[in-house]
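> Shown below is the structure under consideration.
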Amino acid sequence: MGYPELKFLIGGAWRTAAAGEEVINPSDGTVLASLPHAGRAELDDAIAAAEHGLKAWRDVSPADREKILLRAADLLGERRERIALAIALDQGKTLEEARSEVDIARARIMWDAGEGRRLYGRIIPAQPGFRKMALRYPIGVVAAFTPWNYPLASPTRKVAGALAAGCSIILKGAEETPSGPMALVEAFHDAGVPEGVVNLVFGKPAEISDYLIAHPSIRLVTFTGSVPVGKHLAELCGRHMKPAIMELGGNSPVIVWKDADVDALGALAARAKSRNAGQVCVSPTRFFVHDAVYERFVESFGAAASALRAGPALAEETEMGPLINQRRMTAIEGYVHDALERGARLASGGARQGNEGFVYPLTVIADVSADARAMVEEPFGPLALVSRVSGVEEAIGRANAVPFGLAAYAFTDSASVTAKLIDGVECGSLSINHFTSSFPEVPFGGIKDSGYGREGGSEGLDGYTYVKGVTQLTV
């Protein structure tokens, strides 16, 4: 097993083109492969293929679609080790995390496969002599843009959702981590999806998004990524009257109440914050801890973070892999310096580890001021910020004091505090007494600058359909 030869999938055929950039291993900075870039001709071919595939796929019964999707999930399982190794090489997460990502992708496909059989319309009560109905239909060809941090699990939401609803799709995978998107579309292709239903391209993101979003054949745009890019794409969608699903960034608050077991929570928080080296839109970042347990939590969290071993993705002892590239390294260094300059104190980490690759240790900073840059921007890395609070309303206010509203977390056994948090915290996903923000059966998405639309749950396929109201005079 090794790193795959990188190609597009267009109209059921694997293709290549002139190389546009090198794919870098973030563990050591070496070159893994050259990535082909799609030009206008490849995009036109992908659009034509998706139009052709849509005509065939939308007439396949939901039960038969489900069988093909479930076969794709099985193929991912059979190829788990090969896929995980490639993801560890180009993304930098550990093999354990990469295997888990394959498992998450399989679960999402299986959920959407079943939901495709439950896209119900409804009969509307009507006066005698009339029939009234609301019917759901596939929205059409979907353009999907996915990030580098979860190169398999993130595109899975979009491809599985589109296919389960009867749509075809053009997936623009992340150029930094192309092995995950390739493995995903390969599984659907080998499972028997008709030609043109699933298409994959790579290239210059701005050129591809500008062309696809403006094209009249594209009926839906779905994007996961940063807030600035999401706002730009949303503007393009508005200009061309295209509906969109936007799952954007966050800066997740964690409210730790005075009844929490902070000695155990420190280790749990370190593990959650180190996931994917903190490069997760739902990563727990801003910890608001009650005065009564504040110092104990800082000590517990800092000790657990200091003990966590960062290093190359494939090293047996590594518990947290590297950052994706030098840009992320520079950004995290800037956030740490800024927080310390404003009076914060370091509880763990705080400096680059070694000179090979982009390894940065899990860093915990206490007594962080509200105006620190990392408190108001999305740091997107292994950086946790801890601040004191004395009341539940203060905690809610601090949690809501950013333009983001994706995920939030809270730790308390108080029923009254929990009720206030459920109603008061502005977010699309609230996790109480655990750090898992997303399940296939639960809708996931954000509010405010964190986007709109939902993936997962019974709501997950809504965006891939349109509703047709039908009335019939029967007399």
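> Here are some residues: 343, 354. Which one is part of a loop (DSSP other than H, G, I, E, B), loosely packed, with under 15 Cβ neighbours inside 10 Å and at pLDDT below 95?
Values: 343 fails: at pLDDT below 95.
Step by step, each of 343, 354 is checked, and only 354 is part of a loop (DSSP other than H, G, I, E, B), loosely packed, with under 15 Cβ neighbours inside 10 Å and at pLDDT below 95.
> Now for a separate question. Mind listing just one residue for me: the one in region 27-41 that is surrounded by 21 or more Cβ atoms within 10 Å (Cβ to Cβ) and in contact with a Lys or Arg (Cβ under 9 Å, 6 or more places away or on another chain) and, of those, nearest to residue 206 (Cα to Cα)?
38
> Turning to a different aspect of this structure: Within region 312-324, can one find any residue that is over 20 Å from residue 29 (Cα atoms) and either over 18 Å from the mean Cα position of the chain (by Cα) or assigned by TED's automatic domain parsing to the domain that holds residue 353 (or both)?
No, region 312-324 contains no residue that is over 20 Å from residue 29 (Cα atoms) and either over 18 Å from the mean Cα position of the chain (by Cα) or assigned by TED's automatic domain parsing to the domain that holds residue 353 (or both).
> Within 21 Å of residue 106 (Cβ to Cβ) and of a type outside the set (Phe, Trp, Tyr): is that true of residue 460 in this structure?
So residue 460 fits the description; yes.
> How about region 196-216: which of its residues are out of contact with any helix residue (DSSP H, G or I) (no Cβ under 6 Å at 6 or more places or on another chain) and either free of Cβ contacts under 8 Å to residues at least 12 places away in the same chain or closer than 18 Å to residue 75 by Cα (or both)?
The answer is 206, 207, 216.
> For region 276-291, what are the residues that are of a type in the set (D, E, K, R) and in contact with a helix residue (DSSP H, G or I) (Cβ under 7 Å, 6 or more places away or on another chain)?
Scanning region 276-291 gives a single hit, 286.
> Still on this structure: Consider region 350-375. How many of its residues are in contact with a Gly (Cβ under 9 Å, 6 or more places away or on another chain) and either without any contact (Cβ under 8 Å) to a residue 24 or more places away in the chain or under 17 Å from residue 318 (Cα atoms) (or both)?
Matching residues across region 350-375 total 10.
> Here is a follow-up. Give me the pairs, please: first residue somewhere in region 409-426 and farther than 15 Å from residue 391 by Cβ and assigned to a strand (DSSP E or B), second residue anywhere and modelled with pLDDT of 95 or more and polar (S, T, N, Q), beta-carbon distance under 7 Å, and either six or more positions apart or on two chains.
Once the first residue is farther than 15 Å from residue 391 by Cβ and assigned to a strand (DSSP E or B) and sits in region 409-426, its partners that are modelled with pLDDT of 95 or more and polar (S, T, N, Q) give 409/252; 409/431; 411/433.
> Can you name the residue in region 58-97 that is free of Cβ contacts under 8 Å to residues at least 40 places away in the same chain and in contact with a helix residue (DSSP H, G or I) (Cβ under 6 Å, 6 or more places away or on another chain) and, of all such residues, is surrounded by the fewest Cβ atoms within 10 Å (Cβ to Cβ)?
77
> Okay, moving on. If a residue counts only when it is more than 27 Å from residue 218 (Cα to Cα), which helices (runs of 4 or more DSSP H) contained entirely in region 14-92 have at least 2 such residues?
Where helices (runs of 4 or more DSSP H) fall fully within region 14-92 and carry at least 2 residues being more than 27 Å from residue 218 (Cα to Cα), they are 62-78, 80-91.
> Of all residues in region 84-139, which are acidic (Asp, Glu) and over 29 Å from residue 57 (Cα atoms)? Can you show your working first?
Our first condition is that a residue be acidic (Asp, Glu); within region 84-139, this holds for 90, 96-97, 101, 103, 112, 115.
90, 96, 97, listed by residue number.
> Could we say that residue 329 is in contact (Cβ under 8 Å) with a residue 12 or more places away in the chain, buried (at least 22 other Cβ atoms within 10 Å of the Cβ) and part of a helix (DSSP H, G or I) here?
no
> For region 277-290: of the residues being of a type in the set (A, V, I, L, M, F, W, C) and not in a strand (DSSP E or B), which is surrounded by the most Cβ atoms within 10 Å (Cβ to Cβ)?
If we filter region 277-290 for residues that are of a type in the set (A, V, I, L, M, F, W, C), which is where we start, we get 277, 280-282, 287-289.
Restricting the remaining residues to those that are not in a strand (DSSP E or B) gives 277, 280-282.
Values: 277: 32, 280: 20, 281: 27, 282: 25.
Step by step, filter region 277-290, then rank; the result is 277.
> Might you let me know whether region 350-357 holds any residue that is within 23 Å of residue 407 (Cβ to Cβ) and touching a helix residue (DSSP H, G or I) at 6+ places or on another chain (Cβ under 8 Å)?
Scanning region 350-357 turns up no residue that is within 23 Å of residue 407 (Cβ to Cβ) and touching a helix residue (DSSP H, G or I) at 6+ places or on another chain (Cβ under 8 Å).
> So residue 464 ticks every box in (1) under 19 Å from residue 288 (Cβ atoms); (2) over 14 Å from the mean Cα position of the chain (by Cα) but one. Which box is left unticked?
Residue 464 satisfies every listed condition except (1).
> Applying the selection to region 1-45, what residues are modelled with pLDDT under 95, of a type in the set (A, V, I, L, M) and assigned by TED's automatic domain parsing to the domain that holds residue 176?
Within region 1-45, 17, 18, 19 meet the criteria.
> Any residue at all in region 265-276 that's closer than 26 Å to residue 160 by Cα and in a helix (DSSP H, G or I)?
Yes, region 265-276 contains at least one residue that is closer than 26 Å to residue 160 by Cα and in a helix (DSSP H, G or I).
The values are calculated or read from the model by the stated rules, or taken from the named source; none is laboratory data. Here the structure is a predicted model, which is why all the values come from computation and not from measurement. Please note: Cβ atoms are built from the backbone with ideal geometry, for glycine as well, and neighbour counts cover all protein chains shown.
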